[in-house]
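Q: Dumping the structure here so I can ask a few things about it.
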Amino acid sequence: MTHLCLKKQAVLLVLLITLPFSFSQEHEDIYQQLLSYRINHSDTYKQIQNETKIIENNYTQKLLSSYLQLNMGLGNMGLKVTDHGVDYNLNPTVSINLPSFSNMQFGFSFPIQKGNMGTTSNFNFSFGIDIYSQSIRMQRLQREIALRQKNEALQRLNNSLDIIRQEFLTEVKSILNAYLDYLGKQLAEVEADIEFRRLQIEGYGENTIKYKAGSLKSLSAKRNAETTKKIFINQVKKFLFNVGLTEADFGNTEDELLDGLYDFFYDLSLSIPEEQVISQEKINLEYFTEYIKACQNYSDTLAQRKIQNSIFTLTGSVQLNTPIKGSSATSMGGGLAFSFPGVSLSAGVSLDFSAIKYPSFTFGLQINPLDIVYRVLNDKNMRLQNEIDEINFKSTKEKYESQIFDLQSKAENIVLTNEAALYEYEIYSQNAKDVRKLYNDGIVSNLDNRQAAVQELQALVRYAQSKADISIFNIEIQNSFLLQE
């Protein structure tokens, strides 16, 4: 039984050695093939597209409502049956508001009434405008905010392919890590079995401490290898499904799947492109998009609060009423309204064209002392809230400065890790070649040759992970900074 187990492990190690080296002669760019599949079948890209369209539609809606608001209707209609027939009344209206043009408002109405005295109809026109208010500034600010949100969405859409690539590389790193764990446990199982076999050959009895220790170590390594194998197979099935592959692409059995994966992961590790880490000089707070957004939000908040706490407003209005049918006379009126905390003033004039020499005037004054108190309290609250926002903004800036420092350190560490991984791979690759030559010359054992080959494969996978780390980091920087060429 032990002999069969050793034979099985020996076959496994032969596959670990021969398959990768034979496949490397027919190298294909599997990385690009798998990435292309992910891009073409990505739900992330579709989601980003839809989110961008929603924000674009919201921007269009805000833009239209900022410049024009239009309402039309028939007003309240009434019908009444009398001895003389049917009496009715209706009041068609049209209102036009131009918020971005001093909040100009135009109103048109055409009241029509039929009664005992016959049918009457009029034409009414009204016009209003903010002579002084903050409406223009508020509308402009809201348009700017909506436009920034739209541009951010478009930028995210432009970066969507990088986002998908980042997700894919993260998955590749994860599956390669699982592959490393699998290889390590398989190698440990073989080494433990061979060591136990040596104890048997050396004549240690079943009751000796060394024999029992070797047996337990072999069983433990076998159990760990089997558990890791099951976990790895489940993980790799999910990964293969996400890149458009199935178990059938590698064979009809579990062993054929595992054997085929050696080729697959060896080629995938080689095909991951190597990039240069973005220079630390470009990782600058001034170009950090989150910080730029925080600055804009802080500025917008102060501007909105200032607009909302505007001290006074001055508005003007004009009305015209003229008969279309009936006996009523044409009349015209106009007025001004001024509001200040605690004080409201209004003045108006109306003129009946049938008695043009006798205009009428109206004046209004309203005083609310409590409004003055409320205004003073609101001003104090505004200053206090501004101080709170300033403190929060400083804290946010410090947080982003810390993130910048961490990113700069991360860039340096990634470079060092990549250099170390490349150096390790080159060392183990050369070592595997040297040991293979010594094995062919009969100088070293088959176990030494197998171990060197597996170590080279493990080093290659670690190097592939470091290349993926660089690509993921570069994508993160490109999507988080306004990089200067």
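The values are calculated or read from the model by the stated rules, or taken from the named source; none is laboratory data. Because the structure is predicted, anything quoted here is derived from the model rather than measured. Quick reminder, even Gly has a Cβ in these numbers, built from the backbone with ideal geometry, and neighbours come from all protein chains shown. The protein model used for the area step is the full one, side chains on, heavy atoms only, and it has no ligands, DNA or RNA in it. Shrake-Rupley method; radii C 1.70, N 1.55, O 1.52, S 1.80 Å.
Q: Looking at residue 420, is it in a helix (DSSP H, G or I) and within 26 Å of residue 477 (Cβ to Cβ)?
A: Values: in a helix (DSSP H, G or I): yes; within 26 Å of residue 477 (Cβ to Cβ): yes.
Taking the combined requirement at face value, the residue satisfies it.
Q: Please state which one of 463, 423 is open to solvent by less than 50 Å² (accessible area, probe 1.4 Å) and aromatic (Phe, Trp, Tyr). Walk me through how you get there before you give the answer.
A: Numbers: 423 fails: open to solvent by less than 50 Å² (accessible area, probe 1.4 Å).
Every option except 463 fails the conditions.
Q: Also: Of the residues 207, 284, only one is open to solvent by 50 Å² or more (accessible area, probe 1.4 Å), at pLDDT 85 or above and of a type in the set (S, T, N, Q); which?
A: 284
Q: Okay, moving on. List every residue pair whose Cβ atoms sit under 8 Å apart, with the two residues 6 or more apart in sequence or on different chains, where the first one lies in segment 353-369 and is at positive phi and in contact (Cβ under 8 Å) with a residue 12 or more places away in the chain and the second, anywhere, is assigned to a loop (DSSP other than H, G, I, E, B) and open to solvent by 100 Å² or more (accessible area, probe 1.4 Å).
A: none
Q: Shifting gears a bit: Under the condition of being of a type in the set (D, E, K, R) and either part of a loop (DSSP other than H, G, I, E, B) or in contact with a Gly (Cβ under 6 Å, 6 or more places away or on another chain) (or both), which residue from segment 263-298 is nearest to residue 174 (Cα to Cα)? Can you show your working first?
A: Taking segment 263-298 and keeping what is of a type in the set (D, E, K, R), we get 263, 267, 274-275, 281-282, 286, 290, 293.
Now narrow it down to the ones that are either part of a loop (DSSP other than H, G, I, E, B) or in contact with a Gly (Cβ under 6 Å, 6 or more places away or on another chain) (or both): 274-275.
On the way: 274: 18, 275: 19 Å.
Result: 274.
Q: Same structure again: Would you please name the residue that is most open to solvent (accessible area, probe 1.4 Å), looking only at residues in segment 362-393 that are of a type in the set (A, V, I, L, M, F, W, C) and not in a helix (DSSP H, G or I)?
A: So the residue we want is 363.
Q: Looking at this structure, is residue 458 open to solvent by 50 Å² or more (accessible area, probe 1.4 Å) and in contact (Cβ under 8 Å) with a residue 12 or more places away in the chain?
A: It is false that residue 458 is open to solvent by 50 Å² or more (accessible area, probe 1.4 Å) and in contact (Cβ under 8 Å) with a residue 12 or more places away in the chain.
Q: Pick out the one residue from 93, 82, 52 that is farther than 30 Å from residue 161 by Cα, under 48 Å from the mean Cα position of the chain (by Cα), in contact (Cβ under 8 Å) with a residue 12 or more places away in the chain and open to solvent by less than 70 Å² (accessible area, probe 1.4 Å).
A: Matching residue, one of 93, 82, 52: 93.
Q: Evaluate segment 195-203: report whether one residue or more is surrounded by fewer than 17 Cβ atoms within 10 Å (Cβ to Cβ), within 30 Å of residue 42 (Cβ to Cβ), at pLDDT below 85 and small (Gly, Ala, Ser).
A: Looking through segment 195-203, none of the residues is surrounded by fewer than 17 Cβ atoms within 10 Å (Cβ to Cβ), within 30 Å of residue 42 (Cβ to Cβ), at pLDDT below 85 and small (Gly, Ala, Ser).
Q: Let me ask something else. Would you confirm whether any residue within segment 127-135 is among the β-branched types (Val, Ile, Thr), surrounded by 15 or more Cβ atoms within 10 Å (Cβ to Cβ) and closer than 19 Å to residue 317 by Cβ? Let's see the steps before the verdict.
A: Applying the first criterion (among the β-branched types (Val, Ile, Thr)) to segment 127-135 yields 129, 131.
Filter again for surrounded by 15 or more Cβ atoms within 10 Å (Cβ to Cβ), leaving 129.
When the remaining residues are screened for being closer than 19 Å to residue 317 by Cβ, the result is 129.
Within segment 127-135, one or more residues are among the β-branched types (Val, Ile, Thr), surrounded by 15 or more Cβ atoms within 10 Å (Cβ to Cβ) and closer than 19 Å to residue 317 by Cβ.
Q: Can we say residue 454 is at pLDDT below 90 and either part of a helix (DSSP H, G or I) or not charged (D, E, K, R) (or both)? If you could, list the steps in order and put the result at the bottom.
A: On the way: at pLDDT below 90: yes; either part of a helix (DSSP H, G or I) or not charged (D, E, K, R) (or both): yes.
Judged against the criteria, residue 454 is a match.
Q: Now for a different question. Select from segment 421-473 the residues that are among the β-branched types (Val, Ile, Thr) and farther than 16 Å from residue 173 by Cβ and write down the one among them that is farthest from the chain's Cα centre (by Cα).
A: Restricting to residues being among the β-branched types (Val, Ile, Thr) and farther than 16 Å from residue 173 by Cβ, the top hit is 443.
Q: OK, next. Starting from segment 402-419, keep only residues that are under 17 Å from residue 466 (Cβ atoms) and open to solvent by less than 60 Å² (accessible area, probe 1.4 Å), then list their pairs with residues that are assigned to a helix (DSSP H, G or I) and of a type in the set (D, E, K, R) whose Cβ atoms are within a distance under 9 Å, requiring at least 6 positions of separation or different chains.
A: 414/469; 418/467; 418/469
Q: Now for a separate question. Restricting segment 426-448 to residues that are among the polar types (S, T, N, Q) and part of a helix (DSSP H, G or I), which is least open to solvent (accessible area, probe 1.4 Å)?
A: Only one residue fits best here, namely 429.
Q: Might you check whether a residue that is under 21 Å from residue 170 (Cβ atoms), modelled with pLDDT of 85 or more and in contact with a Phe, Trp or Tyr (Cβ under 8 Å, 6 or more places away or on another chain) occurs anywhere in segment 244-257?
A: yes
Q: Among the residues in segment 67-74, are any open to solvent by 50 Å² or more (accessible area, probe 1.4 Å), in contact with a helix residue (DSSP H, G or I) (Cβ under 9 Å, 6 or more places away or on another chain), over 30 Å from residue 164 (Cβ atoms) and at pLDDT below 90?
A: yes
Q: Do any residues in segment 139-150 that are open to solvent by less than 40 Å² (accessible area, probe 1.4 Å) have Cβ atoms under 8 Å from those of residues that are in a helix (DSSP H, G or I) and of a type in the set (Phe, Trp, Tyr), where the two are at least six apart or on different chains, and which pairs are they?
A: 146/59
Q: Okay, moving on. Considering (1) in contact with a strand residue (DSSP E or B) (Cβ under 7 Å, 6 or more places away or on another chain); (2) at pLDDT below 85; (3) crowded, with 17+ Cβ neighbours inside 10 Å, say which one residue 123 fails and leave the rest.
A: (3)
Q: Give me the residue from segment 229-262 that is outside any helix (DSSP H, G or I) and more than 14 Å from residue 30 (Cβ to Cβ) and, out of that set, least open to solvent (accessible area, probe 1.4 Å).
A: Per the criteria, the residue is 251.
Q: Return the pairs, sorted by first residue and then second, in which the second residue is among the acidic types (Asp, Glu) and surrounded by 14 or more Cβ atoms within 10 Å (Cβ to Cβ), the first residue lies in segment 309-324 and is closer than 30 Å to residue 343 by Cβ, the beta carbons are less than 8 Å apart, and the residues are 6+ apart or on different chains.
A: 313/130; 314/130; 315/130
Q: Scan segment 223-249 residue by residue and report those that are out of contact with any Lys or Arg (no Cβ under 6 Å at 6 or more places or on another chain), of a type outside the set (Ser, Thr, Tyr) and closer than 14 Å to residue 182 by Cβ.
A: Pass one, segment 223-249, residues out of contact with any Lys or Arg (no Cβ under 6 Å at 6 or more places or on another chain): 223, 226-227, 229-249.
Now narrow it down to the ones that are of a type outside the set (Ser, Thr, Tyr): 223, 226, 229-245, 247-249.
Those that are out of contact with any Lys or Arg (no Cβ under 6 Å at 6 or more places or on another chain), of a type outside the set (Ser, Thr, Tyr) and closer than 14 Å to residue 182 by Cβ: 226, 229, 230, 231, 232, 233, 234, 235, 236, 237, 239.
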